[in-house]
Structure formats: C-alpha cells, structure tokens
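Below is one structure, written out as structure tokens, with a few remarks after it.
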Amino acid sequence: FLTHAEVEIEGRMPWSSNATFLTTLRCDGAGSADGAGGVVEQQAIYKPVRGERPLWDFEPGLHRRERAMFLLSEQLGLDLVPPTVIRDGPLGEGSFQWFVPADHSEHYFTIYEQRPHLHDRLRELAVLDVLANNTDRKSGHCLLQPGDEPADDRVWAIDNGLCFSAPYKVRTVIWEFAGEPIDDDLLDLIAPMVERIPIEIASLLDDDEVDALRLR
C-alpha cells in the first residue's frame, strides 16, 4: 500500500529540520482481504531527498537510512519502526513511513517514568540504536501509541535518518539501561549479522557502513 497508493500532500510537519510532509495515501480497496471495497486511505510521513539540508557527516539520501532502520528492526523481530518504503512522490524520491496515531504529549522520558511495563521495549530500542549507530535519538523520537489496555501500548521509533555512520558516535537520550546485559534471545537474533548483513539492508548503505554494522 505504501509503495503503490496515490499520494496527496496535506502539509508540512512543523519543527522538522528537513522537509517533512504529512500525506494521505489512497487506493482502490477492491479485492481487499476484508472484501470491503471502496477507497482505502492511510496517512504517511514523506521525506523527499530534495528537501534534505546538507550535512558534513552524512551524504544526501537519508531516506535510505530510514528504510534500512525499518528493515533492521524487522530482521530482529522487534517491530519498533513503522513500515517504511522508498518511492517517488510529488517532490521526487523519498521515504514514506506509516503515520502513527500517537499521543504527542508523551515522549521517551514520560514513557520511562510512567510506564514500567514498556521498559523491555525501551531496552530493545536502546540495542537497536547501538547496532544502527543512531546519532539522533531524541526523546520526541519515541512515540507512544496507547492501547485499550496497558498491555496493548506500543512504542514506535521515528526519525531514523541519521543512522549507520561508519565512525561510532551514538548520540541518544536512552541511558537508563546502560551496563545491563542484553537478553540472550535478542543476542541470538543479532548473531547471524556478524557473518552477513541481509542484502536488503546492505544495498542501502556504503561498504564501510556495512562493515561497521557487522563490527557493532
């Protein structure tokens, strides 16, 4: 759906350093699994390459890193990054990420302080950020999607474009779990990447960045 639906730009997102747009995606729902038919709509966040501000430490094309972070999260079975694709849009190629209907009064620190049942998810996010060498994990980049019950609450990690640099330079607000051992089940999922980074991820990065990811 993210890849093929028609795109309408609703407006620019405030407080973003790069051009970031809220869009509505639409496609014909005929033949859908639920048989509902009609037009299906879903909002997404669009980050076109042409809207990126030049950076001294990252080449243009942060949309590729957004996609790579989603794929890394999926590779590890974490489901922490909203579905993200690369495609053409009204302003050219960019990333399209599923829009999360989050409570925007919440952020990393409120989630940590008020929702201990989500601490394991925050631990997993900390591990993901170390692997991806995230240089920009701000508190507001952690979204809370409340569920009907606390057990249904979800944490999502957004704004992942400044990841996968070859030089190690993690910059993050998540320090509460520093020094804790990483869960063995998660280490088992990470271990195969010491030998080989999945081609879907490697093709989005430079060779030295792939080597650095394997080293981490």
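Pull out a ≥ b ≥ c, the square roots of the eigenvalues of the alpha-carbon gyration tensor of the range 97-216, then state rounded if a/c is under 1.5, prolate if not and a/b is larger than b/c, and oblate in the remaining case. It comes out prolate by the Cα gyration axes. Shape class for the range 1-137: oblate, because the ratio a/c of the largest to smallest gyration tensor axis (alpha-carbon atoms, square roots of eigenvalues) is 1.5 or more and b/c is at least a/b.
For the range 112-216, the share of accessible area belonging to carbon and sulfur comes to 52 percent (1.4 Å probe, ligands and nucleic acids excluded).
Rolling a 1.4 Å probe over the heavy atoms of the protein chains gives the range 1-100 an accessible area of 52 Å² per residue.
Per residue, the range 175-216 exposes an accessible area of 69 Å² to a 1.4 Å probe, with every protein chain left in place. The length gained on full extension between VAL40 and PHE58, counted as 0.36 nm times the residue separation minus their Cα-Cα distance, comes to 2.8 nm. Only helical runs count toward this figure. For the chain, summing -39,500 (n - 2.57) over DSSP H runs of n ≥ 4 and dividing by all residues gives -7000 deg cm²/dmol at 222 nm. Ordering ILE190, THR24, PRO150 by Cα displacement along the dipole of the chain toward the positive end leaves THR24 in first place; charges were set at the Cβ atoms of Lys, Arg (+1) and Asp, Glu (-1).
The values are calculated or read from the model by the stated rules, or taken from the named source; none is laboratory data. Nothing here was measured: the structure is a model prediction, and the numbers come from that model. Note: ideal-geometry Cβ built from the backbone for every residue, glycine included; neighbour counts use all protein chains shown. Just the protein is used for accessible areas: all its heavy atoms, side chains included, with ligands, DNA and RNA removed. Shrake-Rupley method; radii C 1.70, N 1.55, O 1.52, S 1.80 Å.
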